[in-house]
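These notes are about the structure you will find just below.
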Amino acid sequence: MIWYPYAQMKTMPPPIKITDANGVYLYTEDTRLIDSVSSWWSVIHGYRHPVLDEAVRTQLAHFSHVMLGGLTHEAVEKLSDKLESWLPGDLNYCFFSDSGSVAVEVALKMALQFQVNRGSRRKTVLALEHAYHGDTFKTMEVGDDDDYHFAFGEKQGVIHIPTEIPALETAFRMYGEQLSCFIVEPLLQGAGGMRMYELPFLERARALCDQYDVLLVFDEVATGFGRTGHRFVADLVCPDILVLGKALTGGYIGHAVTVANRKVFDGFYSDDPSHALMHGPTFMGNALACSVALASIELFESERYLTKIQRITAVTQREMADFSDPRVKEVRILGGCVCIEVHDAQTLHGFQQFAYRRGVFSRPFLNYMYAMVPYIIREDELIQVLRTMKDWFRQ
């Protein structure tokens, strides 16, 4: 029996069975659905993209996987080289893993051991209110959403603050000498409610991290590869550690990377064996994943995806400009994300079935109806998604 995620198995409705997928569409036995959430925000090129399919087939002709412990291969070397040249600043040191949660765990482990390696006792982590960084234990600790993690008790060694500069400055003034790192989802907090905030908060965070010698960690698992309208938020404010996942492989295969700058890497580079980062996911640097990730990045560049995202933003702003409803608290738009937050979660009860009947797959959660579409979506398809969202309130 399959144990499904984020669901009470006793009462959940039957899941929709998918028989095929192509472009922005998921196919069932009797209909097709626009995937308005890109399979949890990852399938940025759509399904069955010929370039990505070919990358997988080419690699598979040689081998699908070898361990990265004591071995290496061309696909992981090429991807690492590409990321080193593509990412901002000196974010040059790539530690691969098999999921976004694990990659965040690696980032937190890096930050804590970085302090230990240099003889510091800094163990406190600063994070944001409404943060979501994954469902493994350390990521739950820095998260701040009891809808996901209520069963696991109080968090130790973590301070949560709102995305307000005065709160940020107060936290550093009070705890700056104790902090190992400050971890954020930059500009867009995904599973915490599609909450959006402004760049000056991150700019001030960078300055305070420098002043207090605290590592700044960007979790761009969800926000990377254009979702905020920027290639990476790290292009605007450069962190010490950057975490990428989801769209890294175009949603083809689970894979992630934790990228450190020279300062962090040098904190582990030593003649002392105890200073090594003792972490090693079995499928880190998976050859199929690395091959498709490299092809995905090349597509992002050659097909001018930031222009596609600007078009998505413009169409979304135009279509939502005339929308209002007393049940709606706020409509938020940023890059390739639109969110309708309602006052009462019951307002959204039945929307998924409503969207299904209109040819759209949607997955609202709590008080949030949202869309994060594949970047290849046509304007008429995007309008279909947005009008389905609006029509729910016009019944």
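Bear in mind these aren't lab numbers, they're just calculated from the coordinates by the rules spelled out. In this text the structure is predicted, and so the values were computed from the model without any measurement. Because the Cβ atoms are built from the backbone with ideal geometry, glycine has one as well, and the counts that use them run over all protein chains shown.
A few points about this structure:
- Oblate is the label for the chain, because a/c, from the alpha-carbon gyration tensor with a ≥ b ≥ c as root eigenvalues, is 1.5 or above and a/b does not exceed b/c.
- On Cα atoms only, tilt of 287-302 relative to the major axis of the chain in degrees: 70
- Cα gyration tensor category, rounded, prolate or oblate, for segment 1-76 with a/c compared to 1.5: oblate
- Segment 264-287 and segment 181-198 have Cα centres spaced 28 Å apart.
- Spin-label proximity, GLU54 to segment 70-91 - amide N less than 19 Å from point 7 Å beyond Cα toward beta carbon: 75, 79
- GluC sites (Glu not before Pro) restricted to segment 274-312 and DSSP loop, no more than 14 other C-beta within 10 Å: GLU303
- Estimated distance in nm for a label pair at GLU330 and ASP380, the labels positioned 7 Å out from Cα along Cα-to-Cβ: 3.6
- In this structure, the residue pairs whose Cα-Cα separation is over 27 Å, taken from LYS78/LYS263; LYS17/LYS78; LYS17/LYS82, are LYS17/LYS78; LYS17/LYS82.
- Semi-axis lengths (Å, descending) of the ellipsoid that matches the C-alpha gyration tensor of segment 303-395: 22, 14, 11
- For segment 47-95, the alpha carbon positions stretch 33, 29, 14 Å along the principal axes, listed from largest to smallest.
- Cleavage-rule hits, GluC sites (Glu not before Pro), segment 196-280, DSSP coil, Cβ neighbours within 10 Å at most 14: GLU198
- 17 Å cut-off, amide nitrogen to a point 7 angstrom out along ALA314 Cα→Cβ, residues in segment 223-251: 229-230
- Taking a ≥ b ≥ c as the square roots of the Cα gyration tensor eigenvalues, segment 152-259 comes out prolate, since a/c reaches at least 1.5 and a/b is larger than b/c.
- Per-residue ellipticity at 222 nm, computed for the chain from helices alone with -39500 (n - 2.57) per DSSP H run of at least four residues, works out to -10500 deg cm²/dmol.
- For the chain, the longest principal axis of the Cα atoms and the long axis of helix 100-117 meet at an angle of about 20 degrees.
- Here the contact order of the chain, divided by its residue count and restricted to Cα pairs under 8 Å and six or more residues apart, works out to 23 percent.
- Of the GluC sites (Glu not before Pro) found in segment 1-99, the ones in coil according to DSSP and having at most 15 other Cβ atoms within 10 Å of their Cβ are GLU29.
- Helix 379-391 vs. the chain, principal-axis angle (Cα, 0 to 90°, nearest 10): 80
- In this simple spin-label approximation, LYS78 and ARG206 carry label points 7 Å from Cα along the Cα→Cβ vector, and these lie 3.2 nm apart.
- Bridges between two residues of segment 51-302, per DSSP, are antiparallel at a rate of about 45%.
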